[in-house]
Amino acid sequence: MPTTEVACFPLTPGSNPGDPNSEAGKITKSTFDTLQARDGMQQLQFGMQVENPNTMYLMINWETKKHHEDFIASESYNPFLKTFMTICDGDPTLFCHADFQPPTSLTKTLSAPVTELATFYFEGAPQADYLQNVGKFAETLEREKPEGFLAAAYGLTHEVLEREGVKGKALVLTIGWQSVERHMEYRETEAFRTNIGLLRGDAKGIVMKHVQFMNAV
């Protein structure tokens, strides 16, 4: 099973990584070329947050987490990172690795017109049955197929994350939708109200955004 690097970066105002003719676009293209040449890098998608277009998300599939760690330990990593950070307005607000389930569904969620990306933060670790409950939530979506739903994938972080005083593992959930509006309509349904507890569990913090992902070429 591949490991997915999940990263979220604030961009300098006016940066447009999706425009290949812009300075940010050229730096992003150089960054992606470097990543795609690395041993073990399988797939790379990036996108802007709908709620704040100055925020970019990266989802990078590595054959194993060690392949990414080997890149970080290499001599080429610091120059690579220094160049990329010239278009960023500060440190990443999210950086972690997760093994997404089901593996084949992650690509479907990131290929959707819009992807719901939610992070659930726990103090220490979630309850023992939490991942099983998240699986039930995802299975319910797949079975009932609410209007606009395309796919769902989820994974527990390898790392301990800290956010607003909460420190522990986190759960990253991606759901592909036809539009933001379809997702928000689903949130008003009885099915959502009945099943949302499976997702929330004993989470101490939740961050949910929408992202429009693109394949890096």
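Laboratory data are not the source of any read-out in this text; all were calculated from the coordinates shown. What you see is a predicted model; the values in this text were computed from it and never measured. No Cβ is skipped: glycine too gets one built from the backbone with ideal geometry, and neighbour counts run over all protein chains shown.
Tally Lys/Arg at +1 and Asp/Glu at -1 over every other residue whose Cβ is under 15 Å from the Cβ of residue 19; what's the total? The answer is +1.
Quick check: net charge around residue 193, other residues with Cβ under 15 Å of its Cβ, Lys/Arg +1 and Asp/Glu -1? Net charge around residue 193: -2.
Ranked by the mean number of other Cβ atoms within 10 Å of their residues, highest first, the peptides 159-171, 73-85 come out as 159-171, 73-85.
Across the options 95, 72, 107, the greatest Cα extent toward the positive end of the charge dipole of the chain (unit charges at beta carbon of Lys, Arg, Asp, Glu) belongs to 107. Which one of 3, 166, 138 is farthest out on the positive end of the charge dipole of the chain, using unit charges on Cβ (Lys, Arg +1; Asp, Glu -1) and the Cα centre as origin? So the residue we want is 138.
Highest first, please rank the peptides 36-44, 2-10 by the mean number of other Cβ atoms sitting within 10 Å of their residues. Show your work: numbers first, answer last.
Values: 36-44: 14.9, 2-10: 20.2.
Ranked from most to least packed, the peptides come out as 2-10, 36-44.
Extension gain, residue 63 to residue 132: 0.36 nm times the residue separation minus the Cα-Cα distance gives 22.4 nm. Separation of the stretch 101-176 and the stretch 1-60, taken as the distance between their Cα centroids, equals 21 angstrom.
I need the calculated FRET efficiency for the pair residue 36 and residue 1, taking r as the beta carbon distance and R₀ as 25 Å, to the nearest 0.05. The calculated FRET efficiency here is 0.75.
Taking the Cα centre of the chain as reference, the dipole from Cβ charges on Lys and Arg (+1) and Asp and Glu (-1) amounts to some 100 debye. For the pair residue 193 and residue 162, a Förster radius of 30 Å applied to the C-beta separation gives a FRET efficiency near 0.50, rounded to the nearest 0.05.
Placing unit charges on the Cβ atoms only, positive for Lys and Arg and negative for Asp and Glu, gives the stretch 3-97 a dipole magnitude near 80 debye about its Cα centre. Calculated mean residue ellipticity at 222 nm for the chain: -10000 deg cm²/dmol, from DSSP H runs with n ≥ 4 weighted as -39500 (n - 2.57), summed, divided by the residue count and rounded to 500.
Subtracting the Cα-Cα distance of residue 50 and residue 123 from 0.36 nm times their residue separation leaves 23.4 nm of extension gain.
Looking at the stretch 99-215 only, what percent of DSSP beta bridges run antiparallel? Nearest 5 please. Write out the running numbers ahead of the final one.
On the way: 26 of 27 bridges.
Around 95 percent of the beta bridges assigned by DSSP in the stretch 99-215 are antiparallel ones.
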